[in-house]
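No lab work stands behind these numbers, since they all come straight from the coordinates. On a predicted model such as this, the values are computed, not experimentally measured, just so you know. Here the Cβ is made from the backbone with ideal geometry for all residues, glycine too, and neighbour counts use every protein chain on show.
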Amino acid sequence: MTTRRTVLKNLGIAPLAGIWGACSSTPDTPETVDTPSEPTNPLAREVGVTTSSLGSHVALHPSSDQIALFDMPRVLLDEFDMRVIDLNTTTLGESGLADLDRLRNEAAKTGSHLINLKMNQQGLNMDSPDEAVRAHAVTEYKKSIDVAAQLGCRWARPLPLADEPDFSIHVKSYRELADYGAEKGVEMLVENFGWMQDDPDSTLRIIEAVGHNISPCPDTGNWDSEELRFEGLARIFPTAVTCDFKAREISPEGDHPLYDLKRCFETGWNAGYKGPWCLEHANPDRDTLFGELTLLRDMLHQWMAEAA
């Protein structure tokens, strides 16, 4: 099996080790990447995975053909040599406090890092003009921020909706979450999704308006046109802290007809963004999925080596 460590060795790049202390969101003495150009980013050049990619393949209470949630860090390490995991609330299911502690401990055993929690609960509307509806959404998101903190995640991201919100209400809710997250050591993220997909300025407008404890998380796939994709990514990447590197249907040779994956990478790299690159790509067949994630990982490592 080709692993990340093998790829990096062949490319002449030392693998990253011990990036910020296992699953800790507020390290005392974070280690840095041993490259002069990236001295302050402990996740530079790291390729990880968003757990939405694993979909129904991972479960808290797995069937015989599923991966147990607690085994996920070990499987990602064994299969891909990946140690960066971007979580989704759907992946966690109905995990209780003991389950969260166990997952964090299992990640620590493999040297893996749970970096983000995408708060993808359905039916929540923190943009509602109905104060009761808005307050309920914010309260539920605060509970998920508690989960992110328990797991040691640095970041959490509420789910953008399809309809463009009243901006003042949206910012009010985001600021409330940012304030609460700051108390827990969890920073809020803004991802270009839903109503934001046709507005390349929306991410930075929100961040500027909220003002603190909030950063961009560009998604390379969530754009309504090619022009918007690269215009938006060029604006977001310079201050991004993590990235969903999304791929749709991909050939065994790495062809991706829907949009140019390498140009997405180059847009980020040239803007100064060096990682982490969290793969977001799904396939209902697990063997095929694992092969495609391996292919995407290797492409990114090759592009990073060439760019460096």
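Taking a ≥ b ≥ c as the square roots of the Cα gyration tensor eigenvalues, the chain comes out rounded, since a/c falls below 1.5. Descending by average beta-carbon neighbour count within 10 Å, the peptides 203-214, 230-241 line up as 230-241, 203-214, the highest first.
Using a simple spin-label model with pseudo-atoms 7 Å out from Cα toward Cβ, L204 and S251 lie 3.6 nm apart.
About its Cα centre, the dipole of region 69-134 is roughly 200 debye, where the only charges are +1 on Lys and Arg Cβ and -1 on Asp and Glu Cβ. Once both labels are positioned 7 Å from their Cα atoms along Cα-to-Cβ, the gap between A305 and F167 label points is 4.6 nm.
Its Cα centre serving as origin, the chain has a Cβ charge dipole (Lys and Arg +1, Asp and Glu -1) of approximately 920 debye. The stretch between R263 and D99, if pulled fully straight at 0.36 nm per residue, gains 55.1 nm over its current Cα-Cα span. The lysine pair count for the chain, using Cα distances under 13 Å and pairs eight or more places apart or on different chains, is 5.
When only alpha carbons are used to place a centre, region 73-108 and region 199-268 end up 25 Å from one another.
Taken about its Cα centre, region 88-235 carries a charge dipole of roughly 780 debye when the Cβ of each Lys and Arg holds +1 and the Cβ of each Asp and Glu holds -1.
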